[in-house]
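Worksheet: the structure to be examined is printed underneath.
The values are calculated or read from the model by the stated rules, or taken from the named source; none is laboratory data. All values derive from a computational prediction rather than experimental measurement. No Cβ is skipped: glycine too gets one built from the backbone with ideal geometry, and neighbour counts run over all protein chains shown.
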Amino acid sequence: MMRGRRAVVVLFVAATGCTIDVTPTTAPETAPVTAAPSTTTIATTTIADSTTTTAATEAACIIGDVPFATEGVIGSFGDDTGDASAIAGFRWSVEEQCERFVIDLATAGGSPAATLGATAATLRLPSGLIRVALPPEVQTTSIADTIVDTSLVTRAYVVRLADGGLAVDLHLEAPTGVRARAFAVGSPARVVIDLRPASADPPVDPPRTATGVVLLGPPAGPAEYPLRVTGYARPVQGRLVAVLAPGTADRIELPIEPAGGIETWGEFTATFQTGPVGTTELLVGDPAAEIGGADALRIPLDLR
């Protein structure tokens with residue numbers, strides 16, 4: 001699986017050498033962080049990492065009262081409104097039993113946010129991703145994506161959704177199954193996602209990626225009309241198309257208009273109402289990619 005290109009990573013901090021202790025309670029959005037902070041500095045940006053020593057048998061990312069889920073909503077939290085308006089960082093730590101991912105948030109002035117608006121996190125199977133839909137006040141980010149490459153997650157993307165909001169997507173490692181939970185910690189405001197390995201039943205079918213394109217659907221195999229093509233993109237040449245039956249007389253082309261600007265990946269949807277039936281191929285990418293094929297996604301379909 002191709003993982004696309006690395007974006008600017010000034011504010012994404014990989015805290016793989018320490019445990020990030022933000023132990024959840026029954027009220028995770030106001031849970032205190034009692035550990036002494038240490039700091040990690042990249043360029044001129046300093047981000048505080050909360051670190052602590054936990055018992056060898058209990059990693060921070062599995063203790064606490066917030067339950068783990070195997071699918072669907074894994075956390076719904078936050079206030080009606082908050083002062084968080086920007087994604088300020090992304091970091092993670094890996095334990096033998098679990099993995100922890102933290103989204104740091106900032107105010108419009110760049111200082112650490114104190115409160116977070118209404119936020120929801122979902123585990124989407126078998127499509128193999130965790131989506132954290134941030135509140136509408138969070139509108140900016142300096143980061144579009146980063147390679148994670150732990151045993152459970154391959155990459156993180158910041159996505160501008162069709163409704164104008166921002167989301168952070170974690171792509172799961174195929175064929176990994178997980179149990180997951182998400183909660184908020186305040187002062188400073190952070191979103192925490194904890195993952196534990198689980199049996200992959202049904203098997204995880206992670207999003208397909210190519211240069212500038214992430215395809216969420218349809219999966220390869222049987223399909224029918226109307227055929228909905230969904231995903232997100234950062235077109236290299238500024239233009240993107242979905243093509244059914246490329247290279248044949250039955251070819252049908254639909255333009256794709258990703259949401260948002262160039263600072264994030266933009267969500268898109270394109271729908272084929274009708275078209276060729278039987279064994280065919282869906283191509284998603286830059287129109288010029290059809291010739292060489294290296295920079296386009298090609299999905300085999302059996303259309304009915």
In this structure, is Gly110 assigned to a loop (DSSP other than H, G, I, E, B) and modelled with pLDDT of 90 or more? yes
Could you identify the single residue in Val214, Val178 that is part of a strand (DSSP E or B) and under 30 Å from Ala60 (Cα atoms)? Val178
Can you tell me which residue among Val102, Val94 is in the same structural domain as Thr176 (by TED's automatic domain parsing), at pLDDT 95 or above and farther than 24 Å from Leu166 by Cα? Val94
Being more than 21 Å from Val204 (Cβ to Cβ) and in contact (Cβ under 8 Å) with a residue 60 or more places away in the chain is the filter; apply it to segment 214-257 and report the residue that is nearest to the chain's Cα centre (by Cα). Arg234
Please tell me if Asp163 is over 15 Å from the mean Cα position of the chain (by Cα) and surrounded by fewer than 18 Cβ atoms within 10 Å (Cβ to Cβ). yes
Residue by residue through segment 107-125, note down the ones that are surrounded by 23 or more Cβ atoms within 10 Å (Cβ to Cβ) and within 19 Å of the chain's Cα centre (by Cα). Leu116, Thr119, Ala121, Leu123
Residue check, Pro206 against (1) of a type outside the set (Lys, Arg); (2) part of a loop (DSSP other than H, G, I, E, B); (3) without any contact (Cβ under 8 Å) to a residue 60 or more places away in the chain; (4) closer than 25 Å to Thr154 by Cβ, all met but one. Which one? (3)
Which listed residue is in the same structural domain as Val73 (by TED's automatic domain parsing) and either of a type in the set (Phe, Trp, Tyr) or touching a residue at least 60 places away in the same chain (Cβ under 8 Å) (or both), from Asp286, Asp194: Asp194
So which residues in segment 126-147 are crowded, with 20+ Cβ neighbours inside 10 Å, touching a residue at least 60 places away in the same chain (Cβ under 8 Å) and in a loop (DSSP other than H, G, I, E, B)? Gly128, Ile143, Ala144
Restrict the check to segment 160-169 and report whether at least one residue is part of a strand (DSSP E or B), in contact (Cβ under 8 Å) with a residue 60 or more places away in the chain and touching a Ser or Thr at 6+ places or on another chain (Cβ under 6 Å). yes
Residue check: is Ala69 farther than 16 Å from Val185 by Cβ and not hydroxyl-bearing (Ser, Thr, Tyr)? yes
